[in-house]
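Below: the structure, in structure tokens.
The values are calculated or read from the model by the stated rules, or taken from the named source; none is laboratory data. Keep in mind that what you see is a predicted model, and the values were worked out from it rather than measured. Cβ sites come from the backbone with ideal geometry, for glycine too, and all protein chains shown count toward neighbours. Calculation scope for accessible area: heavy atoms of the full protein, side chains included, ligands and nucleic acids excluded. Shrake-Rupley method; radii C 1.70, N 1.55, O 1.52, S 1.80 Å.
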Amino acid sequence: QVQLVESGGGLVQAGGSLRLSCAAEGPIFDINDMGWYRQAPGKQREMVASIFREGATNYEDSVKGRFTISRDNAKNTVYLQMDSLKSEDTAVYFCFADARTVAFMSYRAYWGPGTQVTVSS
């Protein structure tokens with residue numbers, strides 16, 4: 001079974017920085033797309049950033065220029081560097097990975113349990 005292990009959330013003042021990490025563990029054959037969603041209280045979950053195996057990236061408009069996503073394919077790990085944080089970035093951040101396993105050779109989405117990011121103004 002594939003598991004996503006997240007780390008790096010916490011409390012930070014507005015204007016500060018945090019770095020999230022997410023490692024995919026288990027019988028992984030390969031991972032196509034990896035990235036992060038977030039969900040603030042009372043709001044729908046939204047995509048924050050994603051990165052394909054070859055390096056192409058996508059960002060939600062409000063984080064462009066402030067957040068940077070990267071990945072280490074050898075470690076099945078994705079990172080999210082968050083700079084110039086704003087109070088509206090406060091949310092639970094969920095890691096995802098579109099992965100194939102040795103036993104099931106079709107891509108499916110796996111999700112982490114979520115990590116809280118709180119930005120105080």
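Details
- Residue list for segment 50-60, restricted to those being open to solvent by less than 50 Å² (accessible area, probe 1.4 Å) and either over 15 Å from the mean Cα position of the chain (by Cα) or of a type in the set (Gly, Ala, Ser) (or both): Ser50, Gly55
- Residues that are of a type in the set (Phe, Trp, Tyr) and more than 30 Å from Gln13 (Cβ to Cβ), drawn from segment 99-121: Phe104, Tyr107, Tyr110
- Restricting attention to segment 89-114, the residues that are of a type in the set (S, T, N, Q) and farther than 21 Å from Ile31 by Cα total 1.
- Among the residues of segment 28-48, not a single one is touching a residue at least 60 places away in the same chain (Cβ under 8 Å), part of a loop (DSSP other than H, G, I, E, B), farther than 17 Å from Gln116 by Cα and open to solvent by 60 Å² or more (accessible area, probe 1.4 Å).
- Scan of segment 99-116 for residues that are of a type in the set (Val, Ile, Thr) and either surrounded by fewer than 16 Cβ atoms within 10 Å (Cβ to Cβ) or out of contact with any Leu (no Cβ under 8 Å at 6 or more places or on another chain) (or both), ordered by number: Thr101, Val102
- Residues (in a loop (DSSP other than H, G, I, E, B) and either among the aliphatic types (A, V, I, L, M) or on the phi > 0 side of the Ramachandran plot (or both)) located in segment 94-121: Val102, Ala103, Met105, Gly114
- In segment 13-27, the residue that is nearest to Tyr79 (Cα to Cα) out of those that are open to solvent by 20 Å² or more (accessible area, probe 1.4 Å) and in a strand (DSSP E or B) is Ser21.
- Counted residues, segment 49-70 - those being outside any loop (DSSP other than H, G, I, E, B) and farther than 22 Å from Gly15 by Cα: 5
- When we screen Val63, Val119, Val78 for residues that are over 16 Å from the mean Cα position of the chain (by Cα) and either buried (at least 17 other Cβ atoms within 10 Å of the Cβ) or β-branched (Val, Ile, Thr) (or both), the only hit is Val119.
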